[in-house]
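A short worksheet on the structure shown next.
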Amino acid sequence: MQELIINKNDINKRLDNFLKKVLPKISLSGIFKAIRNNRIKVNDKKITFNYKLNLNDKVQIYLNDDLLLKASNSEDFLKVSKNLDIVYEDENILIVNKPIGLVVQDDETHTIDTLNNRIKHNLFNKGEWEYKNEYSFAPSLVHRLDKNTSGLIMAAKNAESLNILNQKIKQHQIDKYYLCEVYGIMQPKNGVLNDYLTKDANNKIVKVSKKPLNLHSQQIITEYRTISHDNKSSLLEVKLVTGKTHQIRAHMDFVGHPLVGEKKYTTKEYSRYLPKSFQRLKAYKIVFNFKTDAGVLNYLKNKIIKL
């Protein structure tokens, strides 16, 4: 018999969803069967699959020990750097300045040196996250940046904050602003771009169009403001109203003003004008524009984090 004690990152989870994490070798129907047969209990009592877990509940599992995942977190994060350029931190969230060239999480290259792993190492080193006592949570990024985009990116230190931040992003109550340099002069100098984006998974690119190309096309809205310009390029502040894959890079190329240094969404004629080794795009400001209750994160309302 194994006994798991529920911590703050697993409270209010349904028992079956929790068990899917800690018993990955057993099918969901097998988990239901074990619960019915009294081989999984909570606080020594027979329980239903939809029971909501409480802090310090004791989940007793009367199954072979080899079926139990001891901890849901790999130790790979201990092999990477724990150093971060931290811009803001409190007990719930962490905002760091991501450098160019660092991937945010595991991709097709399967590198372990990711921003997410560096954050895990940093929090483990400070004693804020003990992975051996976690079964379904790890510090997590709440949004992404491309490998060659630098700037602010936010992570949640606990499950409650992660859920709130994910909800606020979906509700457009967290605004993300970028600085970028584009070829030419935007006309008008300030405006809102409203088009459609379609992913081309085979070629790992996206396509922007005035109308949806298929049922999977998604509307994209990009606000921009010209800060300065010369006869070759313009510096823009861009606000993402929607946050889709490669949105700024592809959208600016679609309207005829690709990013300086861009390789994927541009043509060779532009790269000859202002050759750069990387795309000129930086996430420089996050605004917590909460309009509804944010629970434990209410203190962040109207807070602005800026590089």
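The values are calculated or read from the model by the stated rules, or taken from the named source; none is laboratory data. Being a predicted model, the structure only gives us computed values, none of them experimental. Every residue, glycine as well, gets a Cβ built from its backbone with ideal geometry; the counts of neighbours run over all protein chains shown. Quick note on the areas: whole protein, heavy atoms, side chains included, nothing else; ligands and nucleic acids left out. Shrake-Rupley method; radii C 1.70, N 1.55, O 1.52, S 1.80 Å.
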Original post:
Hey, any hits in the range 96-119 for a residue that's of a type outside the set (D, E), touching a Pro at 6+ places or on another chain (Cβ under 7 Å) and on the phi < 0 side of the Ramachandran plot?
Top reply: yes
**OP:** Could you check, for the range 19-27, whether at least one of its residues is in contact with an Asp or Glu (Cβ under 7 Å, 6 or more places away or on another chain), at pLDDT below 95 and open to solvent by less than 90 Å² (accessible area, probe 1.4 Å)?
**Re:** no
**OP:** Return yes when G127 is at positive phi and open to solvent by less than 20 Å² (accessible area, probe 1.4 Å) and no when it is not.
**Re:** no
Subject >> Inter-residue pairs, beta-carbon under 6 Å, first under 13 Å from T198 (Cβ atoms) and in the range 243-258, second assigned to a loop (DSSP other than H, G, I, E, B) and open to solvent by 10 Å² or more (accessible area, probe 1.4 Å), 6+ apart >> reply: A250/Y265
Original post:
Are there any pairs, at least 6 apart or on different chains, whose C-beta atoms fall under 6 Å, with the first in the range 8-33 and within 14 Å of A159 (Cα to Cα) and the second open to solvent by 80 Å² or more (accessible area, probe 1.4 Å) and among the basic types (K, R), and if so, which?
Top reply: N12/K52
Original post:
Among the residues of the range 167-188, how many are in contact (Cβ under 8 Å) with a residue 40 or more places away in the chain and open to solvent by 30 Å² or more (accessible area, probe 1.4 Å)?
Top reply: 8
Subject >> strands (runs of 3 or more DSSP E) wholly inside the range 195-267 containing at least 2 residues that are under 21 Å from F278 (Cβ atoms), open to solvent by less than 20 Å² (accessible area, probe 1.4 Å) and at pLDDT 95 or above >> reply: 218-229, 233-240
